[in-house]
Amino acid sequence: MAVNGGSSAGLSDVAKAVLDFQAGAVSPFATPSNSPFAEYTLDDRLPMLIERVMLGAAGAKSWSRLSDLQLSLSSRGHVSALEQNPFFPKGIWEELARRVGDWRSAPFLELEYYFYLRVLECTGLFFQLEKVDSSTWRYPTDLDPFSEEKRVGPVQAPAAWGHLQKRLKQIAEKRDKRAMLTHAVDMCLYENRTDSSQTVSPRSRQGTGDVSLGPLVIDHTRDLVSILLGGAPRHINIVADNFSLEFLDDLVLCKAIYDAGHFETITVWVKNLPVFVSDVTYSDWLSLRDVMTKAHDAVGSLSMLLHDQRFNVRSSPFLDMPFDFSTTIRLVGHLPEMSAHQDLFAPNSVIIIKGDLNYRKLVGDRLWTPSQPLPASVVGSSQVFCLRAIKSECLIGVPGYTLPRTLEELRDLLPRRRNVTKEGYAYLAQRVFG
């Protein structure tokens, strides 16, 4: 599928063993042939995205390369290899290249990552990366090929400060810590609709305040809030999704956890590379942090959190690679770049995973039987919750007593994937493990 650079000697055997493990699970990968969501993405979403990127491409060389990618995608031919680049460890992409055939037969998670990585290669961003430490890279944000899509994000939108102040006021006005945390979770889940295009049946759940959630097909919010108040998991890890108003609401959730007081560390995890259009990166965070540092009045009570050493925003190369969580655990001992993954799954931690893509990475983008529990090997001893506006078919760990209702409410999801209707979005706040 792709060829990478890097200098991790002798990794090819490790990569092969790891990918053999990933391919050997009992449930099939989602592919364009068995997943309507994957088929729709390949037929509609990716062609639309590449046209948008081509409109803003700088230079004839970038445009020509993007045109070649567009032709490869439209013809559904064999994928071409990525050039060597400094980001990916040697051995990873070589082994994937051996496995991937064409746009129709490959596991969809790998195909989708491949598409975005090719876009970064075509536009030259790979070669503008600056290494910060073993697991963190940054780039000039004006080179982000999806920067136009992010102009609704918190750095560019003046109205965002009004949104942030409103959210901070809402949690401050709650009668107790439980109500405060519940509202903060609702806000994070509601804003995850930013990158969603699916709807289900009209049964709705009203969030607190002015947050009106669509159908919540699984609701373990009470469990999550109880754990955050209980003080047992001392390390709170939030895997972020979109760089938009949603990311501001993620920070407000951090502030609510901070005010509740039952933690040792709060860490928000972001990507290094600008893939999947609106996903927040470490470079996005640096830009936002610089703006927030100068906007004392707008940031308000969030300033205390941002200046506390117990709060941090970190990146992990794992989030930039098409591997599920359990596969990455097997890479930790062989790649220094993956050491951050151990911190993400530190003992005595609770992990809040945002969005549909991160859910797919958690479950390996496989078509599991929905009632099957998540294997313990995936997350170790961590307690894992997912806040997700549903786009894809992946679903696991649904309690048996709720399964019939859940499947009934999701049955109309895929036929409506092209349109958002007045019936709203499908959401879940799911306790996946622990």
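Counting Lys +1, Arg +1, Asp -1, Glu -1, what net charge surrounds Glu264 among other residues with beta carbon under 9 Å of its beta carbon?
Spelling it out: positives minus negatives among the neighbours equals +2.
Within region 123-144, what residues put their amide N at less than 17 Å from the label point 7 Å along the Cα-to-Cβ vector of Val291?
The answer is 139-144, whose backbone nitrogens lie closer than 17 Å to the label point.
Using R₀ = 22 Å, calculate the FRET efficiency as 1/(1 + (r/R₀)^6) where r is the Cβ-Cβ separation of Asn34 and Ala81; round to 0.05.
Step by step, r from the Cβ atoms, then E = 0.30.
Give me the distance in nm between label points sitting 7 Å out from Cα along the Cα-to-Cβ direction at Ala298 and Lys169, one decimal.
Placing both labels 7 Å beyond Cα along the Cβ direction yields 1.7 nm.
Once both labels are modelled 7 Å past Cα along the beta-carbon direction, what's the Ser27-Asp142 spacing in nm?
Label at Ser27, label at Asp142, 4.5 nm between them.
On a full-extension model of 0.36 nm per residue, what is the gain between His262 and Asp68, subtracting their alpha-carbon distance, rounded to one decimal in nm?
Taking 0.36 nm per residue and subtracting the Cα distance, the gain is 64.6 nm.
Please give the peptides 49-56, 182-189 ranked by average Cβ packing (other Cβ atoms within 10 Å per residue), highest first, as a rough proxy for protection.
For the peptides 49-56, 182-189, the packing ranking is 182-189, 49-56.
Provide the gained length on full extension for the span Phe127 to Gln342, in nm with one decimal, where the gain is 0.36 nm per separating residue minus the Cα-Cα distance.
Answer, rounded to one decimal: 74.6 nm.
For the cross-link pairs Lys166/Lys354; Lys169/Lys391; Lys271/Lys391; Lys174/Lys294; Lys177/Lys354, which exceed 26 Å when the distance is taken from alpha carbon to alpha carbon?
Over 26 Å apart, Cα to Cα: Lys169/Lys391; Lys174/Lys294.
Any read-out appearing in this document is the output of simple, stated calculations on the displayed coordinates, not a laboratory observation. None of the values given here were measured: they were computed from a predicted structure. Glycine also receives a Cβ, built like all others from the backbone with ideal geometry; neighbour counts cover every protein chain displayed.
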